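First the structure, in the form of structure tokens, and then the observations on it.
The values are calculated or read from the model by the stated rules, or taken from the named source; none is laboratory data. Computed from a predicted model, the values in this text were never measured in an experiment. Here the Cβ is made from the backbone with ideal geometry for all residues, glycine too, and neighbour counts use every protein chain on show. For the accessible areas, the whole protein counts, side chains as well, though only heavy atoms, and no ligand, DNA or RNA atoms are used. Shrake-Rupley method; radii C 1.70, N 1.55, O 1.52, S 1.80 Å.
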Amino acid sequence: MLRTCGKKILAVLAVAVFSCVSLLAQTDGTYSGFSPYSVYGIGNLHTPGTAWNRGMGGVGIAARNHRFVNIMNPASVTARDTLSFMADFGLDGRISVFSEGDKRALNTTFNIDDFAISFPMWNHTAFMVGITPLSDVGYKISSSEMNLSNLATGRQTFSSSGNGGLYQVFAAAGATFWNRLSLGAQANYTFGTINKKASMTYEDEAARSWASGDSLQVNNVTAKFGLQYEQPVGRDKSLILGATYKLSTGFNGYYTHYNSLGVARTSKVESLASSGLRIGDELGIGLSFKKGDDLLIEFDYTRADWSRSGLDGAAGFSNNGQVSFASSVGRSFRLGAELTPNRNDIRYFFKRCTYRAGAYYDSSYYTVDGAHVDAVGITVGMTIPVFRWYNGLSVGLDFGRRGLQTSQVKETYFGFNVGMNIFDIWFQKPHYE
């Protein structure tokens with residue numbers, strides 16, 4: 001029995017390793033996300049959670065559900081059937097429209113979103129391991145004009161581009177005490193590559209073009225802690241208070257900068273370990289109302305403090321152009337709900353499906369010319385039951401808008417995500433008469 005379960009776990013972990021390799025491959029010349037605002041810091045922070053969380057606006061700090069893997073709070077890993085094995089695999093895509101006056105541009109991205117597995121260990125304890133994106137960088141900006149200082153060179157074209165992103169491999173364990181209080185701890189390993197480049201080319205090929213670029217190979221180890229307390233308030237009803245805290249730790253890795261003028265090229269490599277750069281700490285608080293497996297309503301608040309990260313003025317992380325970039329304190333407010341009309345209905349299939357909706361407001365972890373980049377959006381989603389147990393196909397849509405109030409560039413996006421949650425009973429012992 002244990003040998004069979006071990007083989008299954010190894011097979012699933014092999015898929016996880018393949019997913020990691022696929023994610024790493026996306027940092028080489030492709031876009032894991034695309035937005036002109038990802039030029040700052042480590043890029044745009046990824047919306048947390050799986051397709052299940054994101055269909056509800058990204059809530060999950062105070063959610064306890066034995067049908068889904070909740071990667072937002074390590075304490076939630078104990079919300080499960082005793083003998084169950086669970087896994088979640090997600091895909092994510094986005095269509096973004098950028099507007100500036102009467103100009104319009106469109107971009108699409110599609111990537112692996114997350115992979116996580118969860119299984120019990122001992123009585124009232126459970127384990128979870130997986131990978132999820134942390135941030136993405138993707139932009140391409142260019143402008144062309146006559147070189148008024150030297151008309152002989154003709155038109156000059158300035159271009160700036162960036163790609164890559166950071167990802168987190170995590171392992172979490174949790175335990176429940178007195179059937180109400182759950183505590184969890186999680187170790188995160190952050191890794192990834194961010195590439196940024198700027199260049200100037202001239203219409204006259206005799207003029208020497210120049211280019212400069214930065215390549216950041218970043219890694220980091222940090223920890224996250226969580227708790228959830230469930231208080232019954234009636235028959236099959238309860239209030240759940242959840243909280244998480246992620247530690248701030250220093251960046252490791254290497255920073256490579258190069259300059260080229262014509263065919264001449266110089267480069268230098270420095271260690272990030274001695275740079276003093278840090279990932280911001282994060283505090284999350286959530287409150288939810290739960291009615292059995294049929295209804296969940298939750299509100300989450302998170303505060304990420306990057307003000308002491310040291311990204312201000314750091315080569316490769318800050319923008320040294322005409323705008324003032326400063327790391328700051330980011331905040332988010334999220335509200336979401338899910339409803340299952342009748343999970344055991346034998347006549348109407350769609351009454352057995354779960355329906356979700358949510359809304360969110362995000363304020364960036366940095367400021368540009370003293371102002372945060374705000375994002376606001378609404379989400380909808382559903383889970384379609386597949387075969388037996390709690391297996392299901394989750395789909396979600398995200399409609400939002402992002403941009404500085406003082407900026408002419410506005411980003412309107414339509415996101416979609418697909419997740420497959422897998423449930424099975426692995427740890428039962430057969431009895432023979």
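What the table shows:
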quantity: Odd one out for residue 247, checked against (1) within 23 Å of the chain's Cα centre (by Cα); (2) within 26 Å of residue 163 (Cβ to Cβ); calculated: (2)
quantity: Number of the condition not met by residue 286 [criteria: (1) assigned to a strand (DSSP E or B); (2) touching a Gly at 6+ places or on another chain (Cβ under 7 Å); (3) modelled with pLDDT under 95]; calculated: (3)
quantity: Residue count for the stretch 368-390, restricted to those that are at pLDDT 90 or above and either closer than 26 Å to residue 67 by Cα or outside any strand (DSSP E or B) (or both); calculated: 8
quantity: All positions within the stretch 159-183 that are in contact with a strand residue (DSSP E or B) (Cβ under 6 Å, 6 or more places away or on another chain), part of a strand (DSSP E or B) and open to solvent by 10 Å² or more (accessible area, probe 1.4 Å); calculated: 159, 160, 161, 163, 168, 169, 171, 173, 175, 176, 181, 183
quantity: Criterion: open to solvent by less than 20 Å² (accessible area, probe 1.4 Å), over 27 Å from residue 192 (Cα atoms) and of a type outside the set (A, V, I, L, M, F, W, C) - qualifying residue of 135, 84, 99, 38; calculated: 84
quantity: Residue 401 open to solvent by 20 Å² or more (accessible area, probe 1.4 Å) and modelled with pLDDT of 90 or more; calculated: yes
quantity: Among (1) in a strand (DSSP E or B); (2) at pLDDT below 90 - the single one residue 418 does not satisfy; calculated: (2)
quantity: Residue pairs meeting the criteria (Cβ under 9 Å; at least 6 apart or on separate chains; first open to solvent by 80 Å² or more (accessible area, probe 1.4 Å), in the stretch 269-283; second hydrophobic (A, V, I, L, M, F, W, C) and in a loop (DSSP other than H, G, I, E, B)); calculated: 270/315; 278/251; 278/306; 278/311
quantity: Residue match in the stretch 311-328 (condition: outside any loop (DSSP other than H, G, I, E, B), open to solvent by less than 30 Å² (accessible area, probe 1.4 Å) and within 25 Å of residue 187 (Cα to Cα)); calculated: yes
quantity: The stretch 329-354, residues that are more than 13 Å from residue 384 (Cβ to Cβ), out of contact with any strand residue (DSSP E or B) (no Cβ under 8 Å at 6 or more places or on another chain) and either outside any loop (DSSP other than H, G, I, E, B) or β-branched (Val, Ile, Thr) (or both); calculated: 346
quantity: Unmet requirement for residue 137, which otherwise passes all of (1) at pLDDT below 85; (2) closer than 18 Å to residue 94 by Cα; calculated: (1)
quantity: Condition check for residue 153: at pLDDT 90 or above, surrounded by fewer than 21 Cβ atoms within 10 Å (Cβ to Cβ) and among the polar types (S, T, N, Q); calculated: no
quantity: Residues that are in contact (Cβ under 8 Å) with a residue 40 or more places away in the chain, open to solvent by less than 30 Å² (accessible area, probe 1.4 Å) and within 20 Å of residue 307 (Cα to Cα), drawn from the stretch 225-251; calculated: 244, 246
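Residue by residue, here is whether (1) in contact with a helix residue (DSSP H, G or I) (Cβ under 9 Å, 6 or more places away or on another chain); (2) at pLDDT 95 or above; (3) surrounded by fewer than 23 Cβ atoms within 10 Å (Cβ to Cβ); (4) not β-branched (Val, Ile, Thr) holds:
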residue	(1), (2), (3), (4)
18	no, no, yes, yes
22	no, no, yes, yes
44	yes, no, no, yes
56	no, yes, no, yes
93	no, no, yes, yes
